[in-house]
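Asks: I'd like to ask some things about the structure below.
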Amino acid sequence: MRCLIRVVMFLVCGVLSCGASEVHARWREIAPNILRTDKQPYAYAVKAGRSCLLIGAPHDVSPRDLPTDTKCELLLLTHHHRDSSIQAEAFIKAGIPVRAPHLSEDYLSPSGVAAYWKKSLPEVPKDRFPTLFERTWGDWTYLVHPTGVQGIRFDLNSGDEFLWNQWRIKVLATPGHSKDHVAFLATPPGESNAVCFCGDAIAAPGKIWSPYTVEWHHQKDEGAVAAATSLRAIAAAKPKLLLLERGEPIRGSAVVPALLETAELLQQLGAAKNFDAYTKSLDGPLPNYKFLAPDQVGTANPSGNPQPWTKLSEHLLLTGNTYALVSRDGPVLLMDPYSQNIVERVAELEQIHQTGPVEVALISHAHNDHYTGIFALRKESLFKVWTLDRIADVVDRPTKYLAPYVDPRPVIVDRPLKDGEVVRWHEYELKVHHLPGQTVFGLGLEVVVDGRRCLFTGDNFYHHEQYSGSGGWSGRNRGLPLGYAASAAKILSMKPDWILAEHGGAFEFNAEDFRRRRDFAERAAKLADQLSVHGDHRLDWDPQRVRVEPLVNEVGAERVARVKIIVNNPTGERTRYRVRRPGSVSPGAEFVWADPQRETAHDFEIRLEPTVRPGRHVYHLLIEDQTGVDPSDTFCILDVRDPK
C-alpha cells in the first residue's frame, strides 16, 4: 500500500526546530524522590523539595513537562544520541544549565556537529583525486543531531563527583552504546548505596537497545568489548537500583547478575566477528589450506598495491585488491581496479605480461577501496563497467543510500548483472551470484580459469590468518550474519577450487573451513537475537530498517522535496508506524504500514518554509511503533538552492 505524507518543515536559519512537546510527559514515582516519565526513552527527575535534577531530554520532555510544583535546576545528559537529548536546546533557552560528557562535544556542540556532517557527507572535490574513505558516514557514529546545541557545558569526566541538594553524583564512563556514553551514580542524602542512571548501557537483563550502536567498525570488536567492560564497571559499583532509558528498573540483588549476564553476551558478540578465534576454539585439527600468493596478502602489504603482479595461473594475476583475468586473445577483465596507480599496473600487464587492453572492469562490492581506479583508468583507455544490479544502484547513485565507504563520484555502470545470470566474455562463462556478508551490496563471480573453478568473493571471506578470517558483518553495511551464513552455504554447494578473496588474500577452498564459516555466522545470528530487545536482530540491528531514499535531495524554487520512506519488515506481521517531526504530533504526523516480510515504499513530501536559507540541511524523522520510538536512525539531507 502506498500513501502520500505531507510534512511541513519548520527551519529557522537552517536549524531544525524541535518545538515544545504537544504530548506532555506524565511522571510517576519509581523510587523515593525519583520520578520517571511514562514513555520510552525515559527521562528521570530527582527531587529535593520543590527542586529537581533532570536526567535525559527525550522528545516528550521540555521545560513545560516537569513534575508538578517543581523547578528544574540542572539537566544531565548521558550521551549525544538525539533520541535522548533532542530537547536540550529548549532547556538552555529556558535558562536551565545543561551538562554533558566531555567526549560529547564532538557530537553535540555546533562546531562538532558541523564537522561531523561535513566529514560524513563531503562534496566531490573538483581539484584533486579524493582520498580513500573520504566519505566515511561519521566513522560509525549514530543518531547525531542535525545541528549542534549552543550552551551545553561539556565538563563531565569519568570519576568527577559533585553535590546537588545533598545528593552525591558521580560520573562513570560507560562507552559502548556510544563512545561518549556515561552513567551517573547518585547517592541519596544520608545513604551509602547509589542509584545508577545508566542511560542506554542496558535495556534488560541480556538485552541492549539499538545494538548496532556498539559497532564502531564493521569487523572489529572494540565497541562490544567496551560495552561489556562498562557494564562490569557499573556492577563493581554495586548500585542498589538501575534506572534505564529503555526498560524497567532493575532492583536489589538482581542488579549485578543482570549487568554481568549482559556483559558476557556482549563479549561473546564481539568474538562473533572473529572467525579465526571461532575456528581455533573447535575440537580437532584446523582445516589445512594455503594462501595462493603469500606475498600479496594485505596484512603484509598495507598499501593494498604491492608490486609486481603475482601470476596465480597462466591467465589469472593478482596485485593487492585487483585481479586480472586474461583472455587467450589478449583483452583483460579487471576485478576491482583500485587506486590511482592502477594505470601503472595496467601498463605492466601490457608491457611485461604481453596482454591486450582492459575491456571490462567489474566491481565486487560497494566500498571505494575496490573501484576508485575506474576514475583513473577512464582517462587512459576505453572499457565497460559491469557489476551486480544491487551494487550498480549504489555506485551509480552514491547519494541514494546511507552506505559507508561509497565514493562520492558516480560510476556509470554499462551492464548491471542479475543474480544467477551467466555472462559470456571471450572464452569464459561468468556466473553471477549475489553474495551478502560484509555488506548486502556484494557480488560473487564463478568462473573456470586454466582448468580451476574459481570464485571471486570480494571482502566476505579471508583465510583465518588474515583479518581474523572475515570481512565482518554489520548493520551499517546492511550485512547481517544470516546473509553471511547463506553465502558460506552457497559456496559449500559450489565447491570451487580457489577462493579469490580481496586484499591479496586468495586461498584454496576447504569444505570443512566453509562449514565452520556457516556455523560461525549462524551462531552470531543467535547471539544477536539474544541481545536484541525484540528477540530478532533483523529488527534491531539495522539502522536503515526505516530509511529515506534518496538520502541526499536537491530542493529548488518550489521548496518541496519528494522522497520515499522505505520500511523493511522482516517479521510475519503487518506493522503500523507513526512518522512525525521530533517534538510534536502535528503538523507532520502520519501513519505508514509495513507489510510482512518485504520492503514497503511510501511517497513522502517535505515542504520547506520560505525562511529556510539556501545550503545543506539535515532533516531527521521520529519513527514510532506501538511500543515507542523505533531503533532505526532515520534522516535525510536537503540541499536547498537559492530560489533566485
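The values are calculated or read from the model by the stated rules, or taken from the named source; none is laboratory data. Here the structure is a predicted model, which means the values were calculated and not measured. A quick note on method: Cβ atoms are made from the backbone with ideal geometry, for glycine too, and the neighbour counts reach across all protein chains shown.
Asks: Output the residues belonging to the range 428-463 that are more than 12 Å from LYS490 (Cβ to Cβ) and of a type in the set (Ser, Thr, Tyr).
Replies: TYR428, THR439, TYR462
Asks: Let me ask something else about it. Give the residues of the range 78-132 that are in contact with a Pro (Cβ under 9 Å, 6 or more places away or on another chain), assigned to a helix (DSSP H, G or I) and closer than 23 Å to GLU554 by Cβ, sorted by residue number.
Replies: VAL113, TRP117
Matching residues to (1) part of a strand (DSSP E or B); (2) buried (at least 21 other Cβ atoms within 10 Å of the Cβ); (3) polar (S, T, N, Q); (4) out of contact with any Gly (no Cβ under 8 Å at 6 or more places or on another chain):
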site	(1), (2), (3), (4)
ARG390	no, no, no, yes
ASP407	no, yes, no, yes
GLY437	no, yes, no, no
ARG453	yes, no, no, yes
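Asks: Sticking with this one: Under 19 Å from the mean Cα position of the chain (by Cα) and either part of a helix (DSSP H, G or I) or not assigned by TED's automatic domain parsing to the domain that holds ASN477 (or both): which single residue out of ALA561, ALA557, ALA525 fits that description?
Replies: Exactly one residue qualifies, and that residue is ALA525.
Asks: Another question, if that's okay. Conditions: (1) more than 26 Å from ASP529 (Cα to Cα); (2) in contact (Cβ under 8 Å) with a residue 12 or more places away in the chain. SER493 meets all but one. Number of the miss?
Replies: Here SER493 meets the rest and fails (2).
Asks: Scan the range 168-184 for residues that are crowded, with 20+ Cβ neighbours inside 10 Å, in contact with a Leu (Cβ under 7 Å, 6 or more places away or on another chain) and closer than 17 Å to PRO239 by Cβ and jot them down.
Replies: VAL171, LEU172, VAL182, ALA183, PHE184, listed by residue number.
Asks: Then there is this: Identify the residue in the range 66-86 that is touching a strand residue (DSSP E or B) at 6+ places or on another chain (Cβ under 8 Å) and acidic (Asp, Glu) and, among all such residues, is farthest from PRO97 (Cα to Cα).
Replies: Filtering the range 66-86 for residues that are touching a strand residue (DSSP E or B) at 6+ places or on another chain (Cβ under 8 Å) and acidic (Asp, Glu), the one farthest from PRO97 (Cα to Cα) comes out as ASP83.
Asks: Right, ARG453: at negative phi, basic (Lys, Arg), in contact with an Asp or Glu (Cβ under 8 Å, 6 or more places away or on another chain) and in the same structural domain as SER364 (by TED's automatic domain parsing) or not? Show your work before the answer.
Replies: On the way: at negative phi: yes; basic (Lys, Arg): yes; in contact with an Asp or Glu (Cβ under 8 Å, 6 or more places away or on another chain): yes; in the same structural domain as SER364 (by TED's automatic domain parsing): yes.
For ARG453, the condition - at negative phi, basic (Lys, Arg), in contact with an Asp or Glu (Cβ under 8 Å, 6 or more places away or on another chain) and in the same structural domain as SER364 (by TED's automatic domain parsing) - is met.
Asks: Kindly provide the set of residues from the range 96-119 that are within 16 Å of THR213 (Cβ to Cβ) and either modelled with pLDDT under 95 or not assigned by TED's automatic domain parsing to the domain that holds ILE55 (or both), ordered by number.
Replies: TYR116
Asks: Can TYR116 be described as more than 30 Å from CYS52 (Cβ to Cβ) and surrounded by 20 or more Cβ atoms within 10 Å (Cβ to Cβ)? I'd like the intermediate steps shown before the answer.
Replies: Details: more than 30 Å from CYS52 (Cβ to Cβ): yes; surrounded by 20 or more Cβ atoms within 10 Å (Cβ to Cβ): yes.
When the stated conditions are applied, TYR116 passes them.
Asks: Restricted to the range 350-372, and to residues that are part of a helix (DSSP H, G or I) and under 26 Å from the mean Cα position of the chain (by Cα), which residue is farthest from TYR338 (Cα to Cα)?
Replies: As a first pass, look at the range 350-372 and keep what is part of a helix (DSSP H, G or I): 350-352, 368-370.
Subsequent filtering for residues that are under 26 Å from the mean Cα position of the chain (by Cα) retains 368-370.
Details: ASN368: 8, ASP369: 6, HIS370: 5 Å.
Selected residue: ASN368.
Asks: Return the pair list, or none, for Cβ contacts closer than 9 Å from residues in the range 129-149 that are more than 15 Å from SER84 (Cβ to Cβ) and without any contact (Cβ under 8 Å) to a residue 24 or more places away in the chain to residues that are of a type in the set (Asp, Glu) and buried (at least 22 other Cβ atoms within 10 Å of the Cβ), at least 6 apart or on different chains.
Replies: none
Asks: Do the conditions hold for PRO408, that is, is it under 25 Å from TYR462 (Cα atoms) and modelled with pLDDT under 95? Reasoning before the result, please.
Replies: Details: under 25 Å from TYR462 (Cα atoms): no; modelled with pLDDT under 95: yes.
No, not satisfied.
Asks: Next question, about the same structure. Look at LEU242 and say whether it is in contact with a strand residue (DSSP E or B) (Cβ under 9 Å, 6 or more places away or on another chain) and either free of Cβ contacts under 8 Å to residues at least 40 places away in the same chain or in a strand (DSSP E or B) (or both). Spell out how you get there, then give the answer.
Replies: On the way: in contact with a strand residue (DSSP E or B) (Cβ under 9 Å, 6 or more places away or on another chain): yes; either free of Cβ contacts under 8 Å to residues at least 40 places away in the same chain or in a strand (DSSP E or B) (or both): yes.
It is true that LEU242 is in contact with a strand residue (DSSP E or B) (Cβ under 9 Å, 6 or more places away or on another chain) and either free of Cβ contacts under 8 Å to residues at least 40 places away in the same chain or in a strand (DSSP E or B) (or both).
Asks: Scan the range 412-433 and tell me whether some residue there is buried (at least 21 other Cβ atoms within 10 Å of the Cβ) and touching a Gly at 6+ places or on another chain (Cβ under 8 Å).
Replies: yes
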